[in-house]
1. Given the condition assigned to a helix (DSSP H, G or I), at pLDDT 90 or above, under 23 Å from the mean Cα position of the chain (by Cα) and under 22 Å from residue 109 (Cα atoms), answer yes or no: does some residue in the range 241-263 qualify?
2. Quick one: which of 28, 50, 67 is touching a helix residue (DSSP H, G or I) at 6+ places or on another chain (Cβ under 6 Å) and at pLDDT 90 or above?
3. Just to check your reading of the model, which residue among 109, 195 is at pLDDT below 90 and under 20 Å from the mean Cα position of the chain (by Cα)?
4. Being under 24 Å from residue 289 (Cα atoms) and in a helix (DSSP H, G or I) is the filter; apply it to the range 224-240 and report the residue that is modelled with the lowest pLDDT.
5. Is one or more of the residues making up the range 207-219 within 30 Å of residue 71 (Cβ to Cβ) and out of contact with any strand residue (DSSP E or B) (no Cβ under 7 Å at 6 or more places or on another chain)?
6. Could you go through the range 189-206 and let me know if any residue there is part of a strand (DSSP E or B) and in contact (Cβ under 8 Å) with a residue 24 or more places away in the chain.
7. Against the conditions (1) surrounded by 20 or more Cβ atoms within 10 Å (Cβ to Cβ); (2) at pLDDT below 95, where does residue 208 fall short? Just the number, please.
8. Please give the strands (runs of 3 or more DSSP E) falling wholly within the range 75-170 in which 3 or more residues are out of contact with any helix residue (DSSP H, G or I) (no Cβ under 9 Å at 6 or more places or on another chain) and surrounded by fewer than 19 Cβ atoms within 10 Å (Cβ to Cβ).
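The values are calculated or read from the model by the stated rules, or taken from the named source; none is laboratory data. All of these numbers come straight from a predicted model, not from anything done at the bench. All Cβ positions, even for glycine, are placed from backbone atoms using ideal geometry, and neighbour counts span all protein chains on display.
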């Protein structure tokens with residue numbers, strides 16, 4: 001008969017909080033325990049899991065590979081626990097909720113989820129910021145956002161609850177013709193964009209000449225530049241428009257690497273309203289794709 005191991009919610013909460021805050025002392029202050037008590041809880045969780053989860057690196061901490069595997073599940077378990085308690089206690093949703101959405105991804109689906117949430121919770125003051133993913137994640141790390149949907153080229157990543165992968169494709173206008181004697185004219189987001197990096201890395205690996213012909217922070221401007229025949233860019237299939245065509249390896253455009261779109265938040269900072277919106281976004285993502293529960 002299979003032996004079941006129960007990972008206690010209070011131990012998982014301590015684990016998530018240590019990861020979110022980055023140290024044991026602040027975790028103890030927040031959870032009302034001493035620093036030695038927090039250390040003992042992490043040790044107990046490691047004993048139950050049968051693996052090392054956290055390693056000390058000077059004054060900072062780092063997750064082991066096993067810790068990386070657990071943190072996403074731990075974040076989800078604690079979130080579900082707190083969401084269940086809020087619903088049972090009929091918690092009133094109020095306060096300000098700061099949400100970040102990426103300008104470098106198709107966000108209309110998430111806007112619809114947020115709009116439904118706003119109608120159902122009129123006492124929640126929503127503040128929605130649209131920016132490039134790099135800036136959104138920076139704002140989340142510095143507590144200027146409560147949750148964010150953002151793109152990254154590497155997973156796992158700090159504060160990610162779930163993520164899914166998409167492979168961008170090379171596109172140009174239907175009538176665009178590439179001049180073989182000139183560098184490839186690239187249409188791109190500004191420096192720091194993962195699409196831009198993927199295009200440049202791929203072309204460099206093939207020793208192809210390129211130049212940035214047009215750049216803009218917004219995806220609509222890039223789409224229009226493609227349709228106007230200004231050059232070539234990389235888009236996910238959700239953001240292709242009529243009048244565009246995909247370029248193939250046969251035309252000299254190798255397959256691009258996967259990008260990862262994730263839902264990011266710090267559980268220790270999450271209000272009841274944030275947890276409810278996170279639940280609705282999570283349900284929406286699971287309905288349209290196969291997300292991965294991973295973590296920091």
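1. No: zero hits.
2. 28
3. Every option except 109 fails the conditions.
4. Out of the qualifying residues, it is 238.
5. no
6. Among the residues of the range 189-206, not one is part of a strand (DSSP E or B) and in contact (Cβ under 8 Å) with a residue 24 or more places away in the chain, which makes the answer no.
7. (1)
8. Fully inside the range 75-170 and qualifying: nothing.
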